[in-house]
1. Within 10 Å, Cβ to Cβ, of B:Tyr76, how many net charges do the neighbouring residues add up to if Lys/Arg are +1 and Asp/Glu are -1?
2. Count the net charge of all other residues whose Cβ sits under 11 Å from the Cβ of B:Leu285, scoring Lys and Arg as +1 and Asp and Glu as -1.
3. Among B:Pro330, B:Pro343, B:Phe368, which residue has its Cα positioned farthest towards the positive end of the charge dipole of segment B:292-373, with +1 placed on the Cβ of Lys and Arg, -1 on the Cβ of Asp and Glu, and the dipole taken about the Cα centre?
4. What are the lysines whose alpha-carbon lies under 30 Å from the alpha-carbon of B:Lys315, with same-chain residues fewer than 8 places away excluded?
5. Residues of B:253-260, mean number of Cβ from any other protein chain within 10 Å of their own Cβ, rounded to a whole number?
6. Rounded to the nearest 500, what is the 222 nm mean residue ellipticity of the protein assembly as shown from helices alone, with -39500 (n - 2.57) per DSSP H run of 4+ residues and division by all residues?
7. Over the Cα atoms of segment B:2-226, compute the convex hull volume and normalise it per residue, giving Å³.
8. Enumerate the lysines that B:Lys16 could reach by cross-link, defined here as Cα to Cα under 26 Å, with residues fewer than 8 away along the same chain left out.
Amino acid sequence: MKAFFLSRLMREKVLLTALLALAAVTWLSSVAHRGRALWAEGRATSTVLATQQQWLDNREAIQTAAVKAVSRLDPARTFSSTRLLGELSQIADQVGVRSNTTSEILGTERTNQFAVNTVQFAIRNADMAAILGFCQQLDQRSPYIGVEQFSLALTPGNTALLNVTLRLSSVEIVR
Amino acid sequence: MNLLRQLHLSAPAPKKVVLLPDHAFFVRVAPLTAGLPVADVRAQVELVLESMAPFPVAHLCHGYHHPPGAGRVLIYAAYRRRFTVDDAAVWAEADAVLPAFAAWLGLPADQPRALLVSGADYITALGWDGHDGVPTVVVTRPLAPDAPAPERAAVVAELKALLQGFPPPTEVTAATGTSSRVGEDTLEFAGAAGVSRFATDELDALDVRDKEELAGRRRARARDLLLWRVFAGCAAALVLAGALELGLKAGRLWLQTRAARATAQAPAVQDIETKHNLANHVEELSTRRLMPIRMLELANEKRPRTIQFLRTVTKGLYELEIEAQTNATPDVFNYQAVLKDLPACDRVELGQTNDRGGVTRFTLTITFKPEALRPAPPAS
């Protein structure tokens, strides 16, 4: 190879070297670029696998904790999302604000043992006493119904009345 | 296409060597100054030539043989005009131009030995004493190309007589070319006496061409060598790139396997995560409930009458954001200070504040201590 190269004319040597250098630089930079991408992808995959492995390693403990958490609850007193809305309407009726309410089912997270339903419930133009009564009733249904977010605001134009928006969740034991 | 034809991958050509008739040269062995650096040998050779030759050194074709460490040097020279312009044209293409006997100066000479080199119109006797590789006897006798055998035998006998004291001489025919090929680092001549081998640096000294021209050839060689090294480096880089490419393919396969594993176990992991989150949620419902009314009661206890709450929102289990207004601005800071002193409050931050028409609107974010909001035991 060396003899072949050295026996070429000067311009051929320069041309061959330049072509080879160009090819080497192009290929190496391409390989380096793809190598970096592969390395990053590999690290991301490793992280995902490590995280997954942690979850899998803790499967038994999580299962036990879930069973333990559910065991404290009476399945008969848990609420599906529909039952939850019904129960909230009933409480609103009891405190006299039934006509001023709106509700919306936000979603359900479910396992094969239990589910957690989330709803948004709003009461408009209610006085403080009614709101306190509503919250007291909710407290009595704890832990089957829990408040996740509570927002209270003055009604525009009438500072004696309030608007309240609640994000509520309920536990439902799957039988 | 023309270039491709020129780049044909045939075997490299043999090196071109011009071997000049020995009788054109006068030869001397000269002692060197003790301890003379190798780099100064050439200068000393030129001094010797200037003292011996009737012509200026520039008019001579000369060369020398100086094995490393030798205390003497073999010098040979010929008047430049003994060679024609046509000869010089041939020399320009050659890799080396030497007297024919010099082709054998690269023979191993660690022991005494003698050589009779027969050319077309001369015979040369060479004798080494085995001390330092420099022949002590170099004698050439010219002959007519068509000299009869008895005349040739007489010359041989005369030269053998000159080589008395040396081992019986080996008779060789003068070399006509070399088996070395372009690109090889050495130049070799093979014959009955063995293989005479020269390194590139030794050849520069042996070569009888103009020394400036040889320096130019050396520079060209250095440039060629540099180009060759760059070329070889690029070739190595290409091989490396190929190896890395294979590595990347293997890595991609390995990664695909891992990604497939991650995808395969994702549903099971998702299920565990959901269970975990929901179990925590259920646990929180039982033990760490959001208590907005209690938060409002705590915040309201120390509220100055000048401050009116407009809107409150809980954030997480222990944080309450209050949007309020007042027409007594200093009360905002007083209220913040009072809240900070409450045992139930962990932190109170005053957020956006603006004043319009004498009414100051502001936002307070209160973080309560968990123990202040601990719920009553869950209903059974």
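1. Overall, the nearby charge balance is 0.
2. So the environment of B:Leu285 carries a net charge of +1.
3. Sorting the options by dipole projection puts first B:Pro330.
4. Once the sequence-local lysines are set aside, what remains near B:Lys315 is A:Lys68, B:Lys275, B:Lys302, B:Lys340, B:Lys369.
5. Other-chain Cβ atoms within 10 Å of each residue's Cβ, averaged: 3.
6. -14500 deg cm²/dmol
7. So the per-residue Cα hull volume is 153 Å³.
8. A:Lys2, A:Lys13, B:Lys211
Coordinate-derived values only; no laboratory data. All figures in this text were calculated on a predicted structure; none of them were measured in a lab. Cβ coordinates were reconstructed from backbone atoms using ideal geometry, including for glycine residues, and neighbour counts include every protein chain displayed.
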